1. Could you tell me whether any residue of the stretch 52-74 is at pLDDT 95 or above, open to solvent by less than 60 Å² (accessible area, probe 1.4 Å), basic (K, R) and touching a helix residue (DSSP H, G or I) at 6+ places or on another chain (Cβ under 8 Å)?
2. Is there any pair with a first residue in the stretch 49-68 that is within 14 Å of G98 (Cβ to Cβ) and a second that is open to solvent by 40 Å² or more (accessible area, probe 1.4 Å) and in a helix (DSSP H, G or I) whose Cβ atoms are under 8 Å apart and which are 6 or more apart or on different chains, and what are they?
3. In the stretch 77-91, what residues are open to solvent by 10 Å² or more (accessible area, probe 1.4 Å) and either in contact (Cβ under 8 Å) with a residue 40 or more places away in the chain or under 24 Å from I6 (Cβ atoms) (or both)?
4. All but one of (1) without any contact (Cβ under 8 Å) to a residue 40 or more places away in the chain; (2) open to solvent by 70 Å² or more (accessible area, probe 1.4 Å); (3) over 25 Å from R67 (Cα atoms) hold for L95, so report the exception by its number.
5. Determine whether the stretch 113-136 contains at least one residue that is in a loop (DSSP other than H, G, I, E, B), among the small types (G, A, S) and open to solvent by 60 Å² or more (accessible area, probe 1.4 Å).
6. Every residue in the stretch 256-294 that is without any contact (Cβ under 8 Å) to a residue 40 or more places away in the chain and of a type in the set (A, V, I, L, M, F, W, C), please.
7. Suppose we filter A228, A294, A263, A302 for residues that are of a type outside the set (V, I, T), closer than 28 Å to D27 by Cβ and open to solvent by 40 Å² or more (accessible area, probe 1.4 Å); which single one remains?
Amino acid sequence: MAKVGIMIEGQEGLSWERWRRICHDADTLGFDSLRRSDHLTSLMGAPERDCIECWTSLALAAEWTKRIEFGPMVSPMTFRQPGVLAKVAASVDVLSGGRVILGVGAGWNENEHREFGIPFYTQKQRFDLLEEGVRIMREAWGKSNPKPVRNPMPLLMGGKGEKRTLPIVAREAAEWNLSRLDADMYRQRRDVLEACCREIGRDPKSIRHSVMTSYIIGRDQSELRERAAQVSMIIRDFNGMTPDDVIANRRSLWFVGTPEEIAEQMREHASLGVDLFMLQHFLLDDSDALTLLAEQVIPAVA
């Protein structure tokens, strides 16, 4: 059994109109969670694309949704002073009635930091900031108001590094995310994370496991090709590929196929221990794809 959520790469064309519609669809169609990236500009070399600010959009998601869990995936500590982030996140959480999951990370995109005048430190310094930031946020929630509804607020952390990332996840996270659809990698890192948990006396089952990847869905081959063509216009690495080339290129890396084929792929990964699939939804105006997932995939994997 697994759940399905939607992840929006907000730096690749997200506008207020699109965000309102996506919030409505994700909330009413039955998805488990809605996440969006915390970036400042396109990561695909298209700075002309809309990119509304992450936490401002999450505050509106608290109003525009009623039941779905939501949050950033993830807010870098290089962007966000932890004490301020704690206050912002708690405020949005209270507004939503306790539905925020706070994704935090060390930051990774050097160009983005340079473009916006944000210091970009060494990897060790960035991980030090992350660890210290978690401590500061939890202290802030303990001594100031408003407090998160779930206090301390559940943290989402991603990554696969065995020396530092997974030990931090074991100590601090409510959810671990692997941003790659790779069964062998998932098995190996899952075992490392469980060992890290046992070393500190934590029940490994207390951490939810999620996998983030994208998808191309179609009721038939014609519809699948149509969506593949649209994806090739968003992701510039696919520019010039035919729809069939895109489908072949993504077969082993994304969920690609009919609803039945995607559900079968999800069930295979869920059997390994994945609790939640966060699907990158690149076609921001494609409500039909979300409806197809909700009506035919979610029931088949739930």
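The values are calculated or read from the model by the stated rules, or taken from the named source; none is laboratory data. Fair warning: this is a prediction, and the values are worked out from it, not measured in the lab. Quick reminder, even Gly has a Cβ in these numbers, built from the backbone with ideal geometry, and neighbours come from all protein chains shown. To get the accessible areas, we keep the full protein, side chains included, count just its heavy atoms, and leave off ligands, DNA and RNA. Shrake-Rupley method; radii C 1.70, N 1.55, O 1.52, S 1.80 Å.
1. no
2. These pairs meet every condition: A62/L95; T65/H24.
3. Across the stretch 77-91, the qualifying residues are M77, T78, F79, R80, P82, G83, K87, V88, S91.
4. Condition (3) is where L95 drops out.
5. yes
6. Scanning the stretch 256-294 gives a single hit, A263.
7. Details: A228 fails: open to solvent by 40 Å² or more (accessible area, probe 1.4 Å); A294 fails: open to solvent by 40 Å² or more (accessible area, probe 1.4 Å); A263 fails: open to solvent by 40 Å² or more (accessible area, probe 1.4 Å).
The match here is A302.
Condition check ((1) part of a loop (DSSP other than H, G, I, E, B); (2) touching an Asp or Glu at 6+ places or on another chain (Cβ under 6 Å); (3) open to solvent by less than 60 Å² (accessible area, probe 1.4 Å)) across all residues:
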{"site": "P152", "(1), (2), (3)": "yes, no, no"}
{"site": "K160", "(1), (2), (3)": "yes, no, no"}
{"site": "W176", "(1), (2), (3)": "no, no, yes"}
{"site": "L181", "(1), (2), (3)": "yes, no, yes"}
{"site": "M185", "(1), (2), (3)": "no, no, yes"}
